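Asks: Before I ask anything, let me first share the structure, which is written out below as structure tokens.
The values are calculated or read from the model by the stated rules, or taken from the named source; none is laboratory data. Nothing here was measured: the structure is a model prediction, and the numbers come from that model. Here the Cβ is made from the backbone with ideal geometry for all residues, glycine too, and neighbour counts use every protein chain on show. Just the protein is used for accessible areas: all its heavy atoms, side chains included, with ligands, DNA and RNA removed. Shrake-Rupley method; radii C 1.70, N 1.55, O 1.52, S 1.80 Å.
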Amino acid sequence: TAAAAQSAAPASRLDQLEAGVRGAEALRDVRRVQHAYAQYLEFALWNDLADLFIENGTATYGTDTVTGREKLRRFYIDTLGKGTVGLAAGQYMPHFAMSPVITMDPDGRTVRGRWRVMTLIAQHGTSAEWEGGIYENEFTRENGAWKIARLHYYPAWDGKYEGAGWSETPQGAPYHYTPDRAGTPLPDSARRALVVAPPSADSSALLGELERRI
């Protein structure tokens with residue numbers, strides 16, 4: 001009836017607002033996961049780094065691909081850490097992630113992110129080498145938390161401090177978005193997919209909760 005439709009309209013708008021907030025939180029959480037990845041890598045915290053992946057997550061660095069959280073843990077410790085966790089005395093590995101473009105898939109289940117990155121690998125008084133590239137990553141929820149499902153690093157350039165300049169190693173990193181999609185990180189279809197249940201009968205309480213989250 002018309003009366004029923006009128007009473008449902010505010011609930012529907014509240015439902016849509018809640019879904020929009022959930023989408024914005026997802027995009028923010030994914031950005032934080034990538035920031036944590038950069039910080040853990042910078043300080044050689046390999047166990048924490050591996051825990052950012054889902055159980056069957058995959059990481060590809062150039063031509064090397066590793067699948068599974070525990071295999072990733074061993075890869076980071078054995079290959080990057082040379083058998084140790086944490087930075088050695090005088091070791092530096094700052095990892096700068098820049099220019100993020102983060103979008104949610106239309107089904108609301110996957111978030112994709114693209115970052116440019118620049119890294120210094122150095123040992124005080126001994127060596128210093130810069131390298132840069134692009135990440136194209138996929139994120140999904142596991143046990144209620146957004147984590148890395150697939151990470152793909154495409155190296156683009158590198159160079160030693162004492163060398164004659166940069167050498168390019170481009171691999172042509174693909175884009176996960178079009179110009180229109182980059183400008184719409186949370187499409188309407190994803191927002192609709194994030195609606196999981198009718199809003200609470202206590203709409204004032206829900207609105208207050210949403211205001212706090214916003």
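Asks: Restricting to DSSP loop positions (anything but H, G, I, E, B) with no more than 16 other Cβ atoms inside 10 Å of their own Cβ, which trypsin sites (Lys or Arg not before Pro) remain in the stretch 70-170?
Replies: Within the stretch 70-170, the qualifying trypsin sites (Lys or Arg not before Pro) (loop, at most 16 other Cβ atoms within 10 Å) are Lys82, Arg109.
Asks: Related question: For the stretch 1-150, what is the charge dipole size about the Cα centre, in debye to the nearest 20, if Lys and Arg each add +1 at the Cβ and Asp and Glu each add -1 at the Cβ?
Replies: 140 debye
Asks: Pairs of alpha-carbon atoms within less than 8 angstrom and 6+ residues apart define the contacts here; what relative contact order does the stretch 57-183 have, in percent?
Replies: 21 percent
Asks: Tell me the relative contact order for the stretch 92-152 as a rounded percent, counting alpha carbon contacts under 8 Å between residues six or more apart.
Replies: Rounded, it is 28 percent for the stretch 92-152.
Asks: If a/c stays under 1.5 just call it rounded; otherwise compare a/b with b/c (prolate if a/b is bigger, oblate if not). Do that for the stretch 59-138, with a ≥ b ≥ c from the square roots of the Cα gyration tensor eigenvalues.
Replies: It comes out oblate by the Cα gyration axes.
Asks: A further question follows. When the Kirkwood hydrodynamic radius is evaluated over all pairs of different C-alpha atoms of the chain, what value in angstrom, to one decimal, is obtained?
Replies: 19.5 Å
Asks: Output the 0 to 90 degree angle, nearest 10, between the alpha-carbon long axis of helix 203-213 and the longest principal axis computed from the alpha carbons of the chain.
Replies: 20 degrees
Asks: Something else about it: List the lysines whose Cα lies under 16 Å from the Cα of Lys71, skipping any in the same chain that are fewer than 8 positions away.
Replies: Excluding near neighbours in sequence, the set is Lys82.
Asks: Here is a follow-up. Using helices alone, what [θ] at 222 nm do you get for the chain, with -39,500 (n - 2.57) per DSSP H run of 4 or more residues, divided over all residues and rounded to the nearest 500?
Replies: -11000 deg cm²/dmol
Asks: At 0.36 nm per residue, and after removing the present C-alpha to C-alpha distance, how many nm does the segment from Thr65 to Ala36 gain when stretched out fully?
Replies: Working it through step by step, the gained length comes to 8.3 nm.
Asks: A follow-up question, please. Which is farthest toward the positive dipole end of the chain among His124, Ile134, Pro100, measuring Cα position about the Cα centre, with Cβ charges +1 (Lys, Arg) and -1 (Asp, Glu)?
Replies: Result: Pro100, furthest along the dipole toward the positive end.
Asks: In the chain, carbon and sulfur make up what percent of the accessible area (probe 1.4 Å)?
Replies: Of the solvent-accessible surface of the chain, carbon and sulfur hold 53 percent.
Asks: I'd like the orientation of helix 2-42 relative to the chain: the angle between its Cα long axis and the longest Cα principal axis, in ° from 0 to 90, rounded to 10.
Replies: 10 degrees
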